[in-house]
Amino acid sequence: MSIDLAAVAADKGITYFLISYTDLFGAQRAKLVPAAAIAGMQKNGAGFAGFATWLDMTPADPDLFAIPDPASLIQLPWKPQVGWLAADLWMGGAPVLASPRLALKAQIAKAAALGYTLKTGVECEFFLTTPDGLAISDAADIQAKPCYDEQALMRRYDIITEICDAMLSLGWAPYQNDHEDANGQFEMNWTYDEALLTADRMAFFKFMVKSVAEKHGLRATFMPKPFANLTGNGCHIHLSLWQGATNAFDGGADITDLAKNFIGGVLSSAPAMAAITNPTVNSYKRINAPRTVSGATWSPNSVTWTDNNRTHMIRVPEPDRFELRLADGAANPYLLPALALAAGLDGMARRLDPGPRQTNNMYTEGHLVVGTPPKLPLNLLDALRALEASEVLTAAMPELVPAYLKLKHGEWNDYARHLTQWERDTTLDC
Ligand SMILES: [Mg+2]
């Protein structure tokens, strides 16, 4: 064991550790462990009842152990006596392969066996709302086109800079913060890195943003579409595949054939991927949404790719990477890159041709695209059925996909049982 967490605690003044894992629905679970007990936890893990979280387990199952990854340690910038640790899940002496962090590690290992390393950068949009989540927190933030609004950005200076200062101190190399396209919406960008590191940082970022917002008396939400008339929370991810220090996607004037094959794989699996990249009932109120007050949804509606054009699902802003614009703020930090990598590796193995790049405005001219590209699923159930039918993704994650489908079908059925006001409004007089 190269990192002794007990020694690190003594050295850095850490008195408690949060041993944290992300479940299949993206919820973060943790135990708060005193530093005096960390040595045993580092070896054996912290015990949990797996069924009590979103994992495919039963109440009769034995203890689930979350074994912390010492390399993931982050001292909470707003409470430095606490050290946060991402953990991998084990049960009965075996890794839980139907868990997000281990699923990502498995895909990373497959890429490594071929000589490749995935690097990712994520753009996690969020709203700052009132504590009840029912309204944006800034009553003066009312512009019809509020993107990059200087005044509204600076009214949230204290929160945004507290988070950005934290990222600076943690060495994430953040480089810009802005007010996004919806009233009350923000985005903060830090530098891309290897996929597991970015995934751990994304999990921590969501925790940090929520924590700092609460400290300031507000609430932060990454919910895909919290307000029907405003642009939703996307989670765009930029991907590149590396061989050592060489970016295997960077072809100079254009992306390489390898990158095109990777994109071909993502396009081929996209409708099935949506079940995980857009994992909630609410997600589909962002995908295929009507025009928002700002003039555009900025979310894709069809399975298309392009150069530098934000109306398509995949954008190639520069010839060194591509941006997948499908995922939303509810996407699991680990399953998002795991899935993209699984689909991309399939595209590489089959040398899939992504077809022609589109150059149109998909929001106004999508119906004119020759060959009628597939539409993204219209709701979570359609997406789950597409995932169910995906031999590629099931073969890539044979433990995780069935477990995920089982739990998500349960969620869909729970939703479908709800009687809504809309039904009363449209059906009372039938
Ligand atoms: Mg954005």
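The table for this structure:
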| read-out | value |
| --- | --- |
| In sequence order, calculated HN-Hα J values of segment 34-45 (Karplus, 6.51, -1.76, 1.60; Hz; x Gly/Pro) | x, 4, 4, 9, 6, 4, x, 5, 5, 7, 9, x |
| Note, ³J(HN,Hα) from phi for segment 126-132, Karplus 6.51, -1.76, 1.60, rounded to Hz, x at Gly and Pro | 8, 9, 9, 10, 5, x, 7 |
| Residue exposure sequence - Tyr175, Tyr334, Tyr21 - by fewest surrounding Cβ within 10 Å | Tyr175, Tyr334, Tyr21 |
| Candidate lysines - alpha carbon under 26 Å from Lys285, same-chain residues fewer than 8 apart omitted | Lys145, Lys206, Lys210, Lys225, Lys375, Lys406, Lys408 |
| Highest-first arrangement of 183-195, 273-285, where packing means the average Cβ count within 10 Å | 273-285, 183-195 |
| Net charge of Cβ neighbours under 15 Å - reference Ala27; Lys, Arg +1; Asp, Glu -1 | +3 |
| Sequence-separation-based contact order of segment 277-421, relative, with Cα cut under 8 Å and 6+ spacing, percent | 25 |
| More than 27 Å apart - percent of Cα-Cα pairs taken over segment 195-328 | 28 |
| Relative contact order (percent, whole number), segment 7-96, Cα cutoff 8 Å, 6+ residue spacing | 30 |
| Radius 12 Å from Cβ of Thr117, net charge of other residues (Lys, Arg +1; Asp, Glu -1) | 0 |
| Relative contact order [Cα under 8 Å, 6+ residues apart], the chain, whole percent | 16 |
| Equivalent ellipsoid semi-axes, segment 7-96, via Cα gyration tensor eigenvalues times 5, rooted, Å | 24, 14, 10 |
| Sorted by Cβ density within 10 Å, fewest first, the residues Ser268, Ser169 | Ser169, Ser268 |
| Segment 106-419: mean projected area of Cα convex hull, nm² | 16.2 |
| Helix-only mean residue ellipticity at 222 nm for the chain, each DSSP H run of n ≥ 4 adding -39500 (n - 2.57), per residue, nearest 500 | -10500 deg cm²/dmol |
| Dipole magnitude of segment 106-419, debye to nearest 20 (Cβ charges: Lys/Arg +1, Asp/Glu -1, about Cα centre) | 760 |
| Positive minus negative residues near Pro374 (Lys, Arg vs Asp, Glu; Cβ under 14 Å) | +1 |
| Whole-Å distance, taken between Cα centres, linking segment 2-36 and segment 66-91 | 4 |
| ³J(HN,Hα) computed for each position of segment 70-77 - Karplus, 6.51 cos²θ - 1.76 cosθ + 1.60, integer Hz, glycine/proline x | x, 5, 8, 4, 9, 6, 4, x |
| At least 18 Å along the helix axis (C-alpha) and Kyte average at least -0.5, DSSP helices within the chain | 100-113, 157-170, 195-215, 257-277, 335-349, 400-416 |
| Rounded to 5, percent antiparallel among DSSP beta bridges of the chain | 85 |
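Coordinate-derived values only; no laboratory data. Keep in mind that what you see is a predicted model, and the values were worked out from it rather than measured. Note that each Cβ is placed from the backbone with ideal geometry, even for glycine, and that neighbours are counted across all protein chains shown.
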